[in-house]
Structure formats: structure tokens, C-alpha cells
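Novice: Structure below; questions to follow.
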Amino acid sequence: MRRSGRDHREGKPFRKRRRHDSRADPSKLRVREKTEPPGAVRGGNYERDLRDLLGGIGTPKPALFKPDPFQLEALAALEFEDVLVTAPTGSGKTWIAREEIRRLLEAGKRAWYTTPLKALTNSKYQEFGEEFGTERVGILTGDRKENSDAPLIVGTTEIFRNQLFDALRGGEDVRVDLVIFDEAHYLGDEDRGHVWEEAIILTPSRIRMLLLSATIGNAGELAKWIEELRGVRCGVVTRPGARPVPLRSAFLMPDKRLVPLLDKSGKLNREIAALAEQRDETRRPRRDSFRRR
């Protein structure tokens, strides 16, 4: 049916709605404002704080590598004794292990590189494979077993400890000339520390030992214990100063903003503290729930 010019319900003339004219005066048009997520901050202090947080991050310019004195000291000591290296994360502890492994492989000898984590083991396996060639590197974890006869084996500390047990029961020698304990501070772990302790106790004194850590506070005491246990001197090499790559701590807010974890005075960011307090309030049981019905 054709629509009449009158409203069939009230008998009033039907009024056609005017189409929006894009040529109309913009100042007379009503524009719906775009709302921001709750708590969002645009411009102002947030942009400034974000620039301060992320400023300077990037790839450094290429430069000729020059070993630090503590790295050279550790390499020289490894020729005659066990070595415990304590240095901040990012200062180049792995470089010491890599250069000593290179020297051993060139001399036709063998090495074991132990880590506490499977993810770190996989990472080192890939790194050393690119450095020394995949045919010279093997991996042994609870999930992977590849090229187990390679002169360089990367594996978890538990696997190395198990190999020592097997060799002891079978009256055989472990075919290795150097063992590297990465993250050696796991020796003090309540749940897994006994694995590192057993590995150190069972490692024959003919095998040179290199321990790497960033968080051992009693390095001298630990080195003395290793000396008494193995009958081989254990030197301590420490890198002085702060970590060369500073940490930047941040928190991703629910509204997708990245805010510094600490303020300029070193205290917890007020926004993060308020968010944590709000979460605690929602998790706190109401008093009404304890009333008897």
C-alpha cells in the first residue's frame, strides 16, 4: 500500500524527516564525544612519564668488543683451578664459558653446560650450535635427546647429576673435561638445591668446574666448601660495580597504559597501589556472609 501523507494513527499530517546535509554549517552539528576507557589519561603527565620510562632503549652502536678484566681473570684462573664467577646479569658471564669451551673443543676435549631450566637449556643449545656448529653440540633434557655423543652437551643439572650417578654405579668415567654450572645460586634453593650439591660432590676432581651466578652473597664461603670437598683450589672472580644493563620496571594497567612500577622517590606507583587496594577490597569477604541465617 502507498503511504498517505497523514499519520494513520492520529490523523495528523506526516512530516518527512530532513536528510542530513553534509554541507551544513559544522558549528551547528552535534557531535557525539568519544569516551575513553575508565582511568585512561591522554597527554599530560602520562606521555611524559612514558617517554622517561622508555627513553634510550634501542640497539647500541656496533663497537669493537673488549673483554672486561674480570672475564680475562676468570679465563686465566680456569687453566689451573675451579672458578666461581659472581657478576651482575648482563655483564658477560656466558662469554667466559663460551671462550673456555672454544679452547677445549680446539684441543679435542669435551664440556658439559648445565642450566636449571629447560627453556634456558634450549636457548643455550641454539646459541652454542650457531657458535660452534650443530654437529659439535648436543642437548639432554627430560624432553629432548639430540646428538648425545657431541663434545659439547647442554642439559639440565638433573641430567648431569644422573649421568654421574650412572657412571659411579657402573664404575665408569664421565667423558667430560669441564662442567659449567649456570645459575649456581640454585644450590641454595629449598626444593632443588640438593641436585646441585650432589652434582658438585659427585664430579671427579680431574674435571674442571666453572660456576656462574649473579646472586651469591657468600661466594667466599661456597668456594671454600668446594675446595675442601674436591681437594682443588676454587678461586672467586667478582665483577665490581652495578649491573651494566639497568632494569626498567613497569606495570600494564587494565586500560592498556604502561606506567612505571616505582615513582621518582622509589615508592610503589600510587595508581598501582590504588589498584591493588581495590582488588583487595573486592576479595575481602563481607561481614554479612558470616551472619547466621
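The values are calculated or read from the model by the stated rules, or taken from the named source; none is laboratory data. Everything numeric in this text was worked out from a predicted model, so none of it was measured. Heads up, the Cβs are rebuilt from the backbone with ideal geometry, glycines too, and the neighbour counts pull from every protein chain shown.
Novice: Restricting attention to the range 55-85, which residues are in contact (Cβ under 8 Å) with a residue 24 or more places away in the chain and either hydrophobic (A, V, I, L, M, F, W, C) or in contact with a Leu (Cβ under 9 Å, 6 or more places away or on another chain) (or both)?
Specialist: We begin by selecting, within the range 55-85, every residue in contact (Cβ under 8 Å) with a residue 24 or more places away in the chain; these are 57, 67-68, 70-71, 73-75, 77-78, 80-85.
The answer is Ile57, Pro67, Phe70, Ala74, Leu75, Ala77, Leu78, Phe80, Asp82, Val83, Leu84, Val85.
Residues are listed down the side, and each one gets a yes or a no for (1) at pLDDT 50 or above; (2) out of contact with any Ser or Thr (no Cβ under 9 Å at 6 or more places or on another chain); (3) assigned to a helix (DSSP H, G or I):
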{"position": "Arg15", "(1), (2), (3)": "yes, yes, no"}
{"position": "Ala24", "(1), (2), (3)": "no, yes, no"}
{"position": "Glu36", "(1), (2), (3)": "no, yes, no"}
{"position": "Asp49", "(1), (2), (3)": "yes, yes, yes"}
{"position": "Gln71", "(1), (2), (3)": "yes, no, yes"}
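Novice: While we're here: So, in the range 132-150, of the ones that are assigned to a helix (DSSP H, G or I) and among the charged types (D, E, K, R), which residue ends up surrounded by the fewest Cβ atoms within 10 Å (Cβ to Cβ)? Lay out the reasoning, then the answer.
Specialist: Keep residues of the range 132-150 that are assigned to a helix (DSSP H, G or I), which gives 132, 134-136.
Adding the requirement that they be among the charged types (D, E, K, R) leaves 135-136.
On the way: Glu135: 10, Arg136: 15.
Ranking the candidates gives Glu135 first.
Novice: For the range 216-261, enumerate the residues that are aliphatic (A, V, I, L, M) and exposed (fewer than 15 other Cβ atoms within 10 Å of the Cβ).
Specialist: Of the residues in the range 216-261, the ones aliphatic (A, V, I, L, M) are 216, 219, 222-223, 226, 229, 232, 236-237, 242, 245, 247, 250, 252-253, 258-259, 261.
Answer for the range 216-261, where residues must be aliphatic (A, V, I, L, M) and exposed (fewer than 15 other Cβ atoms within 10 Å of the Cβ): Leu229, Ala242, Val245, Leu247, Leu252, Leu258, Leu261.
Novice: Which residue, of Ile207, Ile153, is more than 21 Å from Gly92 (Cβ to Cβ), crowded, with 16+ Cβ neighbours inside 10 Å and in contact with an Asp or Glu (Cβ under 9 Å, 6 or more places away or on another chain)?
Specialist: Details: Ile153 fails: in contact with an Asp or Glu (Cβ under 9 Å, 6 or more places away or on another chain).
Criteria check complete, one pass: Ile207.
Novice: Please pick out the residue among Trp112, Trp95 that is crowded, with 19+ Cβ neighbours inside 10 Å, within 26 Å of the chain's Cα centre (by Cα) and in the same structural domain as Ala150 (by TED's automatic domain parsing). Spell out how you get there, then give the answer.
Specialist: On the way: Trp95 fails: crowded, with 19+ Cβ neighbours inside 10 Å.
Just one listed residue meets the conditions, Trp112.
Novice: Tell me, please, whether a residue that is under 21 Å from Thr215 (Cβ atoms) and not β-branched (Val, Ile, Thr) can be found in the range 122-141. Steps first, please.
Specialist: Residues of the range 122-141 under 21 Å from Thr215 (Cβ atoms): 123-124.
Adding the requirement that they be not β-branched (Val, Ile, Thr) leaves 123-124.
Yes, the conditions are met somewhere in the range 122-141.
Novice: Would you confirm, using the coordinates I've provided, whether Leu84 is at negative phi and in contact with a Cys (Cβ under 9 Å, 6 or more places away or on another chain)? Give the steps one after another, and end with the answer.
Specialist: Numbers: at negative phi: yes; in contact with a Cys (Cβ under 9 Å, 6 or more places away or on another chain): yes.
Here the answer is yes, as Leu84 does meet what is asked.
Novice: Continuing with this model, one more query. Any idea which of (1) touching a strand residue (DSSP E or B) at 6+ places or on another chain (Cβ under 7 Å); (2) free of Cβ contacts under 8 Å to residues at least 24 places away in the same chain is the one Glu183 doesn't satisfy?
Specialist: It fails just one condition, (2).
Novice: Would you check which residues across the range 151-167 are under 12 Å from Thr115 (Cβ atoms) and part of a helix (DSSP H, G or I) and list them? Show your work before the answer.
Specialist: Let us first name the residues in the range 151-167 that are under 12 Å from Thr115 (Cβ atoms), namely 153-160.
Once the filter is applied, which keeps residues that are under 12 Å from Thr115 (Cβ atoms) and part of a helix (DSSP H, G or I), the range 151-167 yields Thr157, Glu158, Ile159, Phe160.
Novice: Could you list all residues from the range 82-111 that are in a loop (DSSP other than H, G, I, E, B), of a type in the set (A, V, I, L, M, F, W, C) and within 12 Å of Pro151 (Cα to Cα)?
Specialist: First, the residues of the range 82-111 that are in a loop (DSSP other than H, G, I, E, B): 87-92, 107-110.
From what is left, the residues that are of a type in the set (A, V, I, L, M, F, W, C) are 87, 107.
Matches in the range 82-111: Ala107 only.
Novice: Does Val195 satisfy the condition of being in the same structural domain as Trp95 (by TED's automatic domain parsing), in a loop (DSSP other than H, G, I, E, B), closer than 25 Å to Glu100 by Cα and touching a residue at least 24 places away in the same chain (Cβ under 8 Å)?
Specialist: Numbers: in the same structural domain as Trp95 (by TED's automatic domain parsing): yes; in a loop (DSSP other than H, G, I, E, B): no; closer than 25 Å to Glu100 by Cα: yes; touching a residue at least 24 places away in the same chain (Cβ under 8 Å): yes.
No.
Novice: I've got another one for you. Test Gly129 against the criterion of being free of Cβ contacts under 8 Å to residues at least 12 places away in the same chain, crowded, with 17+ Cβ neighbours inside 10 Å and over 27 Å from Ile226 (Cα atoms), and give yes or no.
Specialist: Numbers: free of Cβ contacts under 8 Å to residues at least 12 places away in the same chain: yes; crowded, with 17+ Cβ neighbours inside 10 Å: yes; over 27 Å from Ile226 (Cα atoms): yes.
Yes; evaluated as a whole, the condition is true for this residue.
Novice: On to the next question. Please specify each residue of the range 168-192 satisfying the condition of being buried (at least 19 other Cβ atoms within 10 Å of the Cβ) and in a helix (DSSP H, G or I). I'd like the intermediate steps shown before the answer.
Specialist: At the first step, the residues of the range 168-192 found to be buried (at least 19 other Cβ atoms within 10 Å of the Cβ) are 174, 176, 178-187.
Within the range 168-192, Ala184, His185, Tyr186, Leu187 qualify.
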